[in-house]
Amino acid sequence: MIEPKKDIERLKNSSLYKDWKETHKESYLSDFFCVLDKESSDDNLWQIDYYNPKQDTITSFELPADKRKSPKLKEENSKIFKKEGDAVQELSLSELGWSDENVIQVAKESLNEQFPGEAPMKTILILQHSRDYDKPIWNLTFMTSALNMFNARIDAKNGKIIDSSLKSAMSLKKEILPGTTKDDRPKAS
């Protein structure tokens, strides 16, 4: 489990972060990210990203969920994938009311209610400020046993699901690779 308000302090209190922040004063918190696929939640690594608006880059820190382990610098000043001119929103944790465990439970209940028979196999979880909703949200995606992707955007303050959808993972090929068709599939030789 991650407790963003406490865990961001754990990162900020590390000498690694303090040394980095000395030369990156304009950078601000943009998101928490994790692919939850471990048996024990203490084995998961959270990525905490800071955006530098002057350089239009991201610096990523890894923060183990296990509180006994130290943070690490994953990547510094990386170019980011976004539309030209889009700003990365600053994430404020002041109104955060829901933990990752609460959000996962609410999303599982919604998945079961909307799509009985779909079982989550892997979870991708992002805590970010949504430009569309102008507030912090948990953006959760379950990869299901039927190879579908259930996505839910959940208000980080009150835990209410803002929107959700289910898509076939196979349909993403067309979204990722415009112009691809079923005839473009690799053929056995």
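The values are calculated or read from the model by the stated rules, or taken from the named source; none is laboratory data. The structure presented is a predicted model; accordingly, all values stated were derived computationally and were not measured. Positions of Cβ are generated from backbone atoms using ideal geometry, with glycine treated the same way; all protein chains shown enter the neighbour counts.
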Qualifying residue in segment 57-66 (condition: closer than 16 Å to Lys21 by Cα and over 16 Å from the mean Cα position of the chain (by Cα)): yes
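Condition check: outside any loop (DSSP other than H, G, I, E, B) and hydrophobic (A, V, I, L, M, F, W, C). Does Leu96 satisfy that? Spell out the reasoning first.
On the way: outside any loop (DSSP other than H, G, I, E, B): no; hydrophobic (A, V, I, L, M, F, W, C): yes.
So Leu96 fails the test.
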Near pairs, Cβ below 9 angstrom, 6+ apart or cross-chain, from segment 1-24 (in the same structural domain as Asp66 (by TED's automatic domain parsing) and free of Cβ contacts under 8 Å to residues at least 40 places away in the same chain) to any residue that is outside any helix (DSSP H, G or I) and of a type in the set (Ser, Thr, Tyr): Lys21/Ser27; Lys21/Tyr50; His24/Tyr50; His24/Thr59
